[in-house]
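To keep things clear, I will list the structure first and then write my remarks on it.
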Amino acid sequence: MKTHFFLSLLFVSMLTVVNAQCPRTMITDGDNLIQDGAFNYGDKFFDSDYKFRRSFFIEIKLDPGQFSVQLNPYYANQDFSSCIGWDKKDNSMMVIDGDDNVGALIWGQEVEVVKGRMYNLSFYVATLRDLGSGPITFDVAINDKVLGTVEHSQIGTCKWKQYKYNWKATVSGKVKIKLVNQFDYGPRGNDFILDDLAFYACKDQTLDDLTALLEESLIYEAKPKVVVVNDKEPEGIKEPLTIVEQIKEHSEGKLSAVTLNNVFFESGKSTLKQESFDELDMLASIMNGTHKNIKIEISGHTDNVGSESSNLALSRNRARSVMNYLLQKKVAYSRMKSLGFGSTKPVATNDTEEGRQKNRRVEFKILD
């Protein structure tokens, strides 16, 4: 009896945690129904009346009514602010150079729903210009039902805000979630970033759900701290050749590629760790100094843990992160390209941790 009373009291205090998306007394149920809401696959999974522009960085700017998917908006248009993700990480995001084409579809995707179920839609928005003019304005709709209108202030830049909407399905089957432009203040200023779209089914929260959450929390607290194994070689394993020596041997045809042995990422992410900067600064110095004319192909590689598609996306994003860092160090965009190969080109066995660590790497080749 005391246990149930205690859990009932906790119900209210913990509600803000378990009820992060859905209406009060409800919790999310199942997986995110939006495919690639984090934009890891470019424009593959959604529709837009805006034109997708694959090329990026200073040489080619977005025009009004165009968008690009980037790790940093500055690489899509040098007039935009340099921003990172809402979670302070280098994540892919949809960079939008807006216009005053009222009614244009900014983003849209079909999802499968069940009649009578409650759903929650959420996403993050940040502005790219501090104009202090009218807000970025677009409707949030499912089919022809408008859930609300986003009016996101253009005062300040890179200030992320999450928007949330609840919707009860009136039909079963496929419906289309839409973000529809309503900006009509003129040709400039409707420029923003969109990221992490999520659409979850909701269910009523029961005492059993809360009990399970509490037990999970208590078990977690009782566990010892786990040291996360990063993509760094273990102590005692040293690469015998420096990056300068590798470049020399690669130029002489003795090495097929130069491995960036001191470039590390957060586990499972494309965010560069600070201890990577010395190696990349050295590479930038070489490319801006003694090797001013070389062009390189940067390639990302993973081990075989996880799905093929996720490994491919991770390897691409890691190679792009290295390229983006070099761009910041004034290495010309025209001298680099980045590719990801996932787990398709191992240099060691994936049957041991040591081998998997060697396969998680970033390399570059000097192009003719």
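Since every read-out is calculated from the coordinates, none of them should be taken as a lab result. Since this is a predicted model, take the numbers as computed values, not measurements. Methodologically, a virtual Cβ is constructed for each residue, glycine included, from the backbone with ideal geometry; neighbour enumeration extends over all protein chains shown.
The table below lists the values:
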quantity	calculated
In nm, spacing of pseudo-spin labels at D130 and E353 (7 Å Cα→C-beta vector)	4.7 nm
Placed amide H near N91: partners under 5 Å, 5+ positions off or other chain	G85
The stretch 122-203 shape via C-alpha gyration tensor axes, a/c threshold 1.5	prolate
Lysine pairs meeting the criterion (Cα under 25 Å, 8 or more apart or interchain), as found in the stretch 259-356	18
Derived scalar couplings ³J(HN,Hα) [the stretch 81-93; Karplus, 6.51 cos²θ - 1.76 cosθ + 1.60; whole Hz; x for Gly, Pro]	5, 8, 10, 10, x, 4, 8, 6, 10, 7, 10, 5, 8
